Amino acid sequence: MSNQYRSEHLYEWMVEVRRALHRQPELAFEEIETAKRLMAELDTLGIPYDYAGPGNGVIGRLECDTADAPTFALRADMDALPGAENTDLPFASTIKGKMHACGHDAHMAMVLGAAALLKASPPPCNVLFVFQPAEEQGGGARTVVESGVLDDVQAIFGSHVTHHYRVGEIMVAEGYITAQSDRFRIDIRGRGGHGARPHEATDAVVVAGLLITAIQTLVSREVNPVYPSVVTVGMVHAGSAPNVIAEEAYLEGTIRTTLSTVRDLIHDGLKRMASAMGELHNADVNLEISPGYPPVVNTAREAAIAHRAAETVVGREGLMPIDHPSMGSEDFSYYLEKMPGCYVRLGARRRDDEYIPLHSPEFDINEEVLKVGAAFFDEVIWEAARTHKDD
């Protein structure tokens, strides 16, 4: 493993920062105290930064003296999730109803750790440390991209902790890493009535139930099973009393796909089913589909750079392949629509036999991953600079 693993002072500092951020989680576009802490740490490191206020990213800058030096970026997300923490950690969330259940606190600490390493031993390139708001909701990556701060960046690198792998394991791959996400809502209007006289009404609950069942056949019977896809109905609302036939109901759900043709097929299928169910049961059924995050697609050269950096840090035995894309989504995709880059996953399982999913109220990490992440980000910048020089 890389020599950076043996820097206990750096590790202790990253742990301290991560725990402080964990205690004070903030939701999307509300990351005010989080930004203050990040800027204070960058001040300590002697790294200048730009910050346009709440809702914007904190952008640290490490510049070299060479006029035509390339610029590379490291990204960490800042926001937490709504939910009650159930970890019993001594540094658990102090903010009711909010917690860092997705590891963004660790992501920030690791990029700060890499900033410390790169500041101490500057690479022959410029580096931007991108602390981005609102990954979970709102697509904060778009805010950063639209600001123009990354216009001169040659490549961007990001990571996510996961319990799918153990500490010392890094998943690196080119191509599709996460899925396209879309949301849908189906509004149903029937005709309300007394529960004892269903013949006088059009039951929105019945229409909703039939739609829920029918929608599941889009993936199971209409999509080629070799193409990953998911349609989930996550919310159902209807009714006001047990003896009243509901006049209105609505469903909300998510669609996950990796191929545009499959995405189109599912969208068309939802439209067809909503229209047919309304016609069949004499109800007014309206469908609205809202596009979500695009898929994360790692570019080949940057994936190779990340692969070499990861091998330097964790050895060949620590390199993990990707068997199939995750059906989760990630707004790192907005960066990759504008520039080359690579998104990796870092093993962070607390114990070998324990798997806790992201977004769980019990989610926590093995903090040793902070060493791995900082070392990887440090090495990937050096490897990117070497590759750019050789091209």
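Worth pointing out:
- Annotation note: of Tyr227, Tyr176, the sole residue that is over 16 Å from Leu251 (Cα atoms), touching a Leu at 6+ places or on another chain (Cβ under 6 Å) and either of a type outside the set (S, T, N, Q) or surrounded by 14 or more Cβ atoms within 10 Å (Cβ to Cβ) (or both) is Tyr227.
- Against the numbered list (1) β-branched (Val, Ile, Thr); (2) outside any loop (DSSP other than H, G, I, E, B); (3) over 30 Å from Leu81 (Cβ atoms), Val130 comes up short only at (3).
- Residue in region 74-83 that is farther than 21 Å from Asp364 by Cα, of a type outside the set (Lys, Arg) and either part of a loop (DSSP other than H, G, I, E, B) or touching a strand residue (DSSP E or B) at 6+ places or on another chain (Cβ under 7 Å) (or both) present: yes
- Of all residues in region 52-78, those satisfying the criterion of being out of contact with any helix residue (DSSP H, G or I) (no Cβ under 6 Å at 6 or more places or on another chain) and over 19 Å from Glu379 (Cα atoms) are Ala52, Gly53, Gly55, Asn56, Ile59, Asp65, Thr66, Ala67, Asp68.
- Just one of the numbered conditions (1) touching a Pro at 6+ places or on another chain (Cβ under 8 Å); (2) outside any loop (DSSP other than H, G, I, E, B) is not true of Ala69: (2).
- Assessment of region 329-338 against the conditions (closer than 25 Å to Leu117 by Cα and in contact (Cβ under 8 Å) with a residue 12 or more places away in the chain) yields at least one matching residue.
- Any hit, region 84-94, residues being part of a strand (DSSP E or B) and at pLDDT 95 or above: no
- Ser290 over 30 Å from Phe376 (Cα atoms), outside any loop (DSSP other than H, G, I, E, B) and either within 21 Å of the chain's Cα centre (by Cα) or modelled with pLDDT of 95 or more (or both): yes
- Selection status of Phe332, aromatic (Phe, Trp, Tyr), touching a Cys at 6+ places or on another chain (Cβ under 9 Å) and surrounded by 17 or more Cβ atoms within 10 Å (Cβ to Cβ): no
- Candidate set from region 135-147 (those that are part of a loop (DSSP other than H, G, I, E, B) and surrounded by fewer than 24 Cβ atoms within 10 Å (Cβ to Cβ)); member that is modelled with the highest pLDDT: Glu136
- Failed item, numbered, when Arg61 is tested on (1) part of a strand (DSSP E or B); (2) among the charged types (D, E, K, R); (3) at positive phi: (3)
- Conditions (1) surrounded by fewer than 23 Cβ atoms within 10 Å (Cβ to Cβ); (2) farther than 16 Å from Ala385 by Cα; (3) not basic (Lys, Arg); number of the one not met by Ala76: (1)
- Residue within region 298-319 that is charged (D, E, K, R), touching a residue at least 24 places away in the same chain (Cβ under 8 Å) and over 30 Å from Ala384 (Cβ atoms) present: no
- Taking the conditions (1) touching a residue at least 60 places away in the same chain (Cβ under 8 Å); (2) farther than 30 Å from Ala385 by Cβ; (3) crowded, with 21+ Cβ neighbours inside 10 Å; (4) in contact with a helix residue (DSSP H, G or I) (Cβ under 7 Å, 6 or more places away or on another chain) in turn, Ala115 satisfies each one other than (2).
The values are calculated or read from the model by the stated rules, or taken from the named source; none is laboratory data. Just so it is clear, the structure is predicted and the values come from calculations on it, not from any experiment. Note: ideal-geometry Cβ built from the backbone for every residue, glycine included; neighbour counts use all protein chains shown.
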